[in-house]
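Shown next, in structure tokens, is the structure this report addresses.
The values are calculated or read from the model by the stated rules, or taken from the named source; none is laboratory data. In this text, all values refer to a predicted model and were calculated from it rather than measured experimentally. Backbone-built Cβ (ideal geometry, glycine too); neighbour counts: all protein chains shown. The protein model used for the area step is the full one, side chains on, heavy atoms only, and it has no ligands, DNA or RNA in it. Shrake-Rupley method; radii C 1.70, N 1.55, O 1.52, S 1.80 Å.
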Amino acid sequence: VISLVLTIALVLGIWAAPVNVAADQDAIISMTIGSTKAYVNLVPKTLDQPPVIINGRTMVPFRFIGEALDAFVDYDPTNKTVIYVLEGKNITLKIGSTTATVNGVSKTLEAAPVILKTGRTVVPVRFISETIGAVVGWNAVTRIVCITFKKEAVVIGGILHDYNGGDLDGFDPQSGTS
């Protein structure tokens, strides 16, 4: 299906200048193992690190996916950690470790993030799906990895429940201090 959609888009000339996904836009990212060609919502991109298979695990370029989804991505070389912030999820990965933290909670990865000879970090694609809630598809024949990410809808209205440990001294914000 993905190949058919990409072929139709190519024939119709839908390609535009590469752009990242807008903050309010869902994303479909497709990459082929070993290829530097990728697509974000049918817009062609060039990877500086193609996805690879290491010890039977599909490893994808973490920065590329983060930037395509409009996430904040940073690397701290002093302690070899990657920091990733996307829609309220604060993810910290340590290179070479199968333990990561997501919003302060420890998570176990099926394979450790690795910095390849290209200097780029790759992570197991399953970690992407489990951590950010993306749906990951794999076609073993074409060796295409497809990551579909639905942006969270903004909810307006409702009731905010908050706990105040002490007694309120009123509801006037100008005179109340609690």
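Here are some notes:
- In order along the stretch 79-85, the phi-based Karplus estimate (6.51 cos²θ - 1.76 cosθ + 1.60, θ = phi - 60°) of 3J(HN,Hα) comes to 10, 6, 10, 10, 10, 9, 10 Hz; Gly and Pro are listed as x.
- Taking 23 Å as the straight-line reach from the Cα of Lys94, the lysines in range (excluding those fewer than 8 positions away in the same chain) are Lys80, Lys107, Lys117.
- Glu110/Val85 FRET efficiency (R0 30 Å; Cβ-Cβ; nearest 0.05): 0.85
- Our coupling estimate for the stretch 114-127, obtained by passing each phi through the Karplus curve with A = 6.51, B = -1.76, C = 1.60 and θ = phi - 60°, is 10, 9, 7, 4, 6, x, 9, 8, 10, 10, x, 4, 4, 4 Hz, Gly and Pro reported as x.
- Taking only protein heavy atoms and a 1.4 Å probe, the accessible area of the stretch 35-136 is 51% carbon and sulfur.
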